[in-house]
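Data block below; observations after.
The values are calculated or read from the model by the stated rules, or taken from the named source; none is laboratory data. In this text, all values refer to a predicted model and were calculated from it rather than measured experimentally. Using ideal geometry, Cβ is built from the backbone for each residue, glycine included, and neighbour counts are taken over all protein chains shown.
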Amino acid sequence: MAKAAPKILESARYQPGQVRDAAHETSWEKRISNHVAYALLAYTGLQIFVVMGAIKGEGMSILPYLGLVALVGLVIPLCRRVEKRWQRLGGSDLPHATLARHFSSDRLAIWLFAIGFPFAFVLLARGFAAIF
């Protein structure tokens, strides 16, 4: 005789973004920190390949090197600011839905910047090169 499959209570089902218990909890701070770290890796890779490709194509222009300096001078402090914001938000008593909305918008902004900035910088550098 076949055994019946155990019933799963509706309230016990895990849904994405839902905190299960303390052992399985993934904090908002850790999640945003992971996105920041991976976005920085993607950003750095794009800076190296896209911006350095522009350097080879346009001769000895100094503008693409400024994009690489922007990695240190602009991007890392901005990412740190996002992480600090989530340290404050994660410890707050905001409802889960509100935190999820903030998380989604911050995650989108992080990835749009990480992917878009290297390409935008190259376009800007080529625009300045065409003008001057």
### Task
Quickly run through the range 48-67 and pick out the residues that are assigned to a helix (DSSP H, G or I), at pLDDT below 85 and either over 16 Å from Leu123 (Cβ atoms) or not aliphatic (A, V, I, L, M) (or both).
Ile48, Gly53, Lys56, Gly57, Glu58, Pro64, Tyr65, Gly67
### Query
Taking the condition at pLDDT below 90 and surrounded by fewer than 17 Cβ atoms within 10 Å (Cβ to Cβ), does Tyr38 pass?
no
### Message
Looking at Leu71, Leu112 in this structure, which one is part of a helix (DSSP H, G or I), among the aliphatic types (A, V, I, L, M) and modelled with pLDDT of 90 or more?
### Response
Leu112
### Query
Got a sec? Which of Ala114, Ala130, Ala120 is farther than 17 Å from His35 by Cα and either among the polar types (S, T, N, Q) or surrounded by 11 or more Cβ atoms within 10 Å (Cβ to Cβ) (or both)?
Ala120
### Task
Answer yes if at least one residue in the range 18-28 is within 21 Å of the chain's Cα centre (by Cα), surrounded by 14 or more Cβ atoms within 10 Å (Cβ to Cβ), part of a helix (DSSP H, G or I) and at pLDDT 70 or above, and no otherwise.
yes
### Task
Could you grab me the full set of residues in the range 77-107 that are within 14 Å of the chain's Cα centre (by Cα), surrounded by 11 or more Cβ atoms within 10 Å (Cβ to Cβ) and either not in a helix (DSSP H, G or I) or not basic (Lys, Arg) (or both)?
Leu78, Cys79, Val82, Glu83, Trp86, His102, Phe103, Ser104, Asp106
#### Entry: Top-ranked residue of the range 75-109 - restricted to ones that are under 16 Å from Ala39 (Cα atoms) and in contact with a Leu (Cβ under 8 Å, 6 or more places away or on another chain), ranked as modelled with the lowest pLDDT
Val75
